[in-house]
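Report on one structure; see the data block that follows.
The values are calculated or read from the model by the stated rules, or taken from the named source; none is laboratory data. All values reported here derive from a predicted model rather than from experimental measurement. Cβ atoms come from the backbone with ideal geometry, glycine included; neighbour counts cover every protein chain shown.
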Amino acid sequence: MLWLHGGGFGSGSGSSPSNDGTNLALRGDVVVVTINHRLNVLGFANFSEFSPDFAASGDAGMLDIVHALKWVRANIAQFGGDPNTVMIFGQSGGGRKCETLLAMPSAKGLFHRATIESGVAIQLVNRDIAIRNAEQLLGKLGIRKTEVHELQKLPLDRIMAASYAVMREAGKIDQNVAGFSPTVDGKILPQHPFHPAASPVSADVPVMIGCTRTEWTGLTTEAVLFNLDEDGMRARIKELLGVQSQGMIDLYRKSSPGATPSDIYFLIASDYNYGAPTMKIAERRATLGKGPVYSYYFTWATPVQDGQLRSPHNMEIPFAFDNVQISAKLTGGGPEAMALADKVSDAWIAFARTGNPNTPKLSHWPVFTAKDRATMVIDNACKVVNDPLRERRIAMFRALNLT
């Protein structure tokens, strides 16, 4: 089980205590590997147009992961692992890395299952945008394109300061700019992972994918969002959805009677950024008709912070790793969390071993298809529901132009 840490493509570490694989190894006779790799401008600034020495610079961070997978293939048997039964799994940015690996020819055959937790990488960065960002980075550093090698002589703090300045300015011009992230260059990454369809590169690999109910409660530092009044909620949703905001608010009110304005905001923001794109990824992957897809929707609400966080981003990690007590600040570490971790971590281990997450501790978990959309709703009482957010999903697909 090779863990890819979160933090987008720009930050994070494989050595967080919540990612400690000890409990998984003891529970399921598995070998857990966590890695670090080049991030941000060091891993993804694309200087390929300025020198052949930098031909792969736009995807260097992902190629680091490919090298780690090659190391696993060559060495993991010495640690008791099976090089022919490798699962990649990751949450948030780690999930996006899993999705990217599924589209990389150089990674094909190095892993045999992929679990994508709250990670959305339908599209990555087009080459023209990547080159533009690299040009602006050199400009901030006072380096001519013909002298791109001078970049290697600069201290890291100067490079990072320049990269943040570039992204601040780019974000003002183009809200869709994806930062220093993997480049779709036609070779290392022949196409976007799931646009306009799922990449066929590793189509036979079984995939498990899902998200949490209120991702956005774990992704904001704005305290006001937890105490919105009706006008404040409507203003925030209008910023997100424009003329479609009123219809979406009405729909979510209907599907969640009794919800507060903050509840409505977090549900819409979560589905907009994670729920709907995750469902579209599952659909496009299943449409390939090869490796099975298993879908989950994590609705368990943490009791910490007086329950305000509901089911936040990062919630799957302690349950998948069976680390709910290590992560008590997120889970509460109580008996309900312990009981759920017993079910979830066993399902993750079963999927790693067989490509099928079914275990005796859960009701039967069917394969996801675009027709039935069978989804394991993960809560104190886990159950399978077909298309659990149907009306909301359809409306959000329309709002996001996800045809």
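Details
- Matching residues in the range 59-96 - criterion: being small (G, A, S) and touching a residue at least 12 places away in the same chain (Cβ under 8 Å): A60, G61, A68, G80, G81, G90, S92, G93, G94, G95
- Scanning the range 47-58 for residues that are closer than 17 Å to S106 by Cβ and in contact (Cβ under 8 Å) with a residue 12 or more places away in the chain, we see that the one that is surrounded by the fewest Cβ atoms within 10 Å (Cβ to Cβ) is A56.
- Breaking point among (1) of a type outside the set (V, I, T); (2) closer than 23 Å to R392 by Cβ; (3) surrounded by fewer than 19 Cβ atoms within 10 Å (Cβ to Cβ), for F368: (3)
- Screening G43, G109, G61, G94 for residues that are small (G, A, S), surrounded by 19 or more Cβ atoms within 10 Å (Cβ to Cβ) and within 19 Å of V207 (Cα to Cα) leaves exactly one candidate, G94.
- Condition met for Q152 (in a helix (DSSP H, G or I), polar (S, T, N, Q) and surrounded by fewer than 19 Cβ atoms within 10 Å (Cβ to Cβ)): yes
- Of all residues in the range 226-273 being of a type in the set (S, T, Y) and part of a helix (DSSP H, G or I), the one that is surrounded by the fewest Cβ atoms within 10 Å (Cβ to Cβ): S255
- Condition check for R127: within 17 Å of F54 (Cβ to Cβ) and among the charged types (D, E, K, R): yes
- For S106, the criteria (1) at pLDDT 95 or above; (2) more than 18 Å from L189 (Cβ to Cβ); (3) hydroxyl-bearing (S, T, Y); (4) in a helix (DSSP H, G or I) hold in every case but one, which is (2).
- One residue alone among L219, L189, L225, L241 is under 21 Å from A114 (Cα atoms), of a type in the set (A, V, I, L, M, F, W, C), under 26 Å from the mean Cα position of the chain (by Cα) and at pLDDT 95 or above, and that residue is L189.
- Qualifying helices (runs of 4 or more DSSP H) (wholly inside the range 323-403; at least 3 residues being more than 27 Å from A197 (Cβ to Cβ), among the aliphatic types (A, V, I, L, M) and touching a Ser or Thr at 6+ places or on another chain (Cβ under 8 Å)): 335-354
- From P155, P83, residue being more than 23 Å from S13 (Cβ to Cβ) and of a type outside the set (G, A, S): P83
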